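Here is the structure we will look at, set down as structure tokens.
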Amino acid sequence: MKLNFPCSKHDIALEFGYDATLDPKYSTFYTLFDNKHPGVDFDLPEGTDIFAAFEGIVVRSENHKGMGNTIGIRNGNILALYAHLSETLVKLGDIISAGDLIGKSGNTGEATTKPHLHFELRDLRFKRLNEMVFKPEFEQEISNYSPEFIYKVNNLNTSKNFEKLSIMYFGTNSYSSKLHKLNNIDILVTDEIPQETEVLIPNY
């Protein structure tokens, strides 16, 4: 799966992995990522068109405290986040093609100092956030891409059933029966899945 640029202007304001530990401007932004910048920031005026960097399904469309208006698009084990948007033009469960217009750049959320696009990639096979993020290599194939992956159930923070996993990975609960049938676990769709159960997550 090829990773395209999410915008027509490619000026980067902040690189992936920038260490913000001693930078007073960013020092409180990336604490969940060991103070390293978890994505790439594109220096864009507010209202710039933002495009899908690859095809996928919309699994997040929300107003996040730090990232502001944020869209998440998943394809297989790869999740792309588009953050600080002024407008979102897609909804949960939408199937998106590479290059589709999905939003407009902005300056929303608390973890921002000026209008820009924060673009972030996560490999959903990993458990911890700071293990999930990896450096985007634009105009190249994503080397760690897999069309399906295994999720090991963790009920410690929130109880997981097939409806919740459907919302997590497909943006809607309409895939819950498909997930349940595929994994052939002898519980109801709405029952809690036992801790540490390995669940196969297919593509959309």
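Name the one entry in Glu87, Glu62 that is surrounded by fewer than 18 Cβ atoms within 10 Å (Cβ to Cβ) and free of Cβ contacts under 8 Å to residues at least 12 places away in the same chain.
Details: Glu87 fails: free of Cβ contacts under 8 Å to residues at least 12 places away in the same chain.
Unique residue meeting the criteria: Glu62.
Is one or more of the residues making up region 45-59 under 20 Å from His10 (Cα atoms), of a type in the set (Ser, Thr, Tyr) and not assigned by TED's automatic domain parsing to the domain that holds Met168?
Within region 45-59, one or more residues are under 20 Å from His10 (Cα atoms), of a type in the set (Ser, Thr, Tyr) and not assigned by TED's automatic domain parsing to the domain that holds Met168.
With respect to the numbered conditions (1) surrounded by 15 or more Cβ atoms within 10 Å (Cβ to Cβ); (2) in contact with a strand residue (DSSP E or B) (Cβ under 9 Å, 6 or more places away or on another chain); (3) among the polar types (S, T, N, Q), which one is the sole condition not fulfilled by Asn130?
So the condition that Asn130 fails would be (1).
Of everything in region 126-160, what is touching a helix residue (DSSP H, G or I) at 6+ places or on another chain (Cβ under 8 Å) and in contact (Cβ under 8 Å) with a residue 12 or more places away in the chain? Give them in sequence order. Give the steps one after another, and end with the answer.
Keep residues of region 126-160 that are touching a helix residue (DSSP H, G or I) at 6+ places or on another chain (Cβ under 8 Å), which gives 126, 129-130, 133, 151, 158.
Of everything in region 126-160, those that are touching a helix residue (DSSP H, G or I) at 6+ places or on another chain (Cβ under 8 Å) and in contact (Cβ under 8 Å) with a residue 12 or more places away in the chain turn out to be Leu129, Asn130, Val133, Tyr151.
Taking the residues in region 168-185 that are touching a residue at least 12 places away in the same chain (Cβ under 8 Å) and surrounded by fewer than 19 Cβ atoms within 10 Å (Cβ to Cβ) as candidates, determine which candidate is nearest to Arg125 (Cα to Cα).
So the residue we want is Met168.
Given Leu200, Leu188, Leu156, which one is exposed (fewer than 14 other Cβ atoms within 10 Å of the Cβ) and at pLDDT below 95? Working first, answer last.
Working: Leu200 fails: at pLDDT below 95; Leu188 fails: at pLDDT below 95.
After applying the criteria, what remains is Leu156.
Please tell me if Glu55 is of a type outside the set (S, T, N, Q) and over 24 Å from Thr172 (Cα atoms). Walk me through how you get there before you give the answer.
Working: of a type outside the set (S, T, N, Q): yes; over 24 Å from Thr172 (Cα atoms): no.
Spelling it out, it is not the case that Glu55 is of a type outside the set (S, T, N, Q) and over 24 Å from Thr172 (Cα atoms).
Taking interchain pairs and intrachain pairs at least six residues apart, which have beta carbon atoms under 9 angstrom, with the first residue in region 12-39 and among the acidic types (Asp, Glu) and the second surrounded by fewer than 19 Cβ atoms within 10 Å (Cβ to Cβ) and part of a strand (DSSP E or B)?
Close Cβ pairs satisfying both conditions: Asp19/Lys36; Asp34/Asp19.
Inspect region 101-119 for any residue being touching a residue at least 12 places away in the same chain (Cβ under 8 Å), in contact with an Asp or Glu (Cβ under 6 Å, 6 or more places away or on another chain) and of a type in the set (A, V, I, L, M, F, W, C) and give the result as yes or no.
yes
Only one of Gly47, Gly76, Gly72 is at pLDDT 95 or above, over 19 Å from Lys164 (Cα atoms) and not hydrophobic (A, V, I, L, M, F, W, C); which? Outline the logic, then answer.
Numbers: Gly76 fails: over 19 Å from Lys164 (Cα atoms); Gly72 fails: over 19 Å from Lys164 (Cα atoms).
Every option except Gly47 fails the conditions.
The values are calculated or read from the model by the stated rules, or taken from the named source; none is laboratory data. These numbers were taken from a predicted model, which means no experiment stands behind them. As a convention, Cβ positions derive from the backbone with ideal geometry for all residues, glycine included, and neighbour counts pool all protein chains shown.
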